[in-house]
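Let me begin by presenting the structure, written as structure tokens, before commenting on it.
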């Protein structure tokens, strides 16, 4: 079952580009990482899914419901964490949490109490007294206390210290095991690589790649360092060549066997091949798009 599905989803702000022809699918049980630089279109896509803005053209559905026509039904069944947590400053934490539960028409007192204890939240403090990190923890409770079917997280870990980030992802994996689906946008690629099952890469408003994270790794580039070679053989797929400290470092994408055969004809004395990080993979996608 597709929990999120968009077809040619497009949004313009006047003449300015928001997103263009986004075809994205998030299946039930996915932990979907939505990756791209600032201004790429991640937040515009998320706001359209939430029904906060209407598309210029195309379609978007969440939980089988139309994002524009069925917004209220969708919002009751999902949990959303924005990149910035903003609440009524004069209210106490417990009042904000109670208000959020009422918006979902649920009695969430037991789960809210459990989450507040887990994240060491002082419910008696006023919002204006809280640090950025503690506001973000209140946002976690508001988004998760009603045990939503779908979590939409927009740069959700900004402001959390490393210990709370670890606890946050532990909680996400527990919710996923209970049947929840997660869509998370992030600039911090290691957290995508370490937690997500599928990844979508967006650039300049367009989704340029979407696949299981294992597929990205299997089809990915390799980082290679060699010694004893003064000049690389002429073979396609070599880029980002750096010669230093008596060795040559480069990025390779292609048939590794052909590369090794070509290097076998040189005076090669040592070779080291390492898997790229998700950051390397995404940068490679951006570079290929720029060359097209």
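The values are calculated or read from the model by the stated rules, or taken from the named source; none is laboratory data. Not measured: the values here are computed from a predicted model. Don't worry about glycine lacking a Cβ; one is built from the backbone with ideal geometry, like all the others, and counts go over all protein chains shown.
Looking across 7, 69, one residue alone is in a loop (DSSP other than H, G, I, E, B) and more than 24 Å from residue 136 (Cβ to Cβ). It is 69. Candidates are the residues of segment 169-197 that are in a strand (DSSP E or B) and either modelled with pLDDT of 95 or more or not assigned by TED's automatic domain parsing to the domain that holds residue 46 (or both); the one that is farthest from the chain's Cα centre (by Cα) is 181. Among the conditions (1) part of a loop (DSSP other than H, G, I, E, B); (2) closer than 18 Å to residue 180 by Cβ; (3) out of contact with any helix residue (DSSP H, G or I) (no Cβ under 9 Å at 6 or more places or on another chain), the only one that residue 114 does not satisfy is (1). Scanning segment 49-71 finds no residues that are crowded, with 19+ Cβ neighbours inside 10 Å, modelled with pLDDT of 95 or more, under 25 Å from residue 215 (Cα atoms) and within 24 Å of the chain's Cα centre (by Cα).
Comparison of 27, 15, 42, 102 shows that the only residue that is under 20 Å from the mean Cα position of the chain (by Cα) and over 25 Å from residue 133 (Cβ atoms) is 27.
Those strands (runs of 3 or more DSSP E) of segment 201-292 in which at least 2 residues are modelled with pLDDT of 85 or more and more than 22 Å from residue 187 (Cβ to Cβ), considering only elements entirely within it, cover 222-227, 238-244, 247-252, 270-274.
Within segment 32-46, the residues that satisfy the criterion of being in contact with a helix residue (DSSP H, G or I) (Cβ under 6 Å, 6 or more places away or on another chain) and either closer than 11 Å to residue 152 by Cα or outside the structural domain of residue 150 (by TED's automatic domain parsing) (or both) are 33, 34.
The residues of segment 159-168 that are farther than 18 Å from residue 145 by Cβ and part of a helix (DSSP H, G or I), listed by number, are 162, 163, 165, 166.
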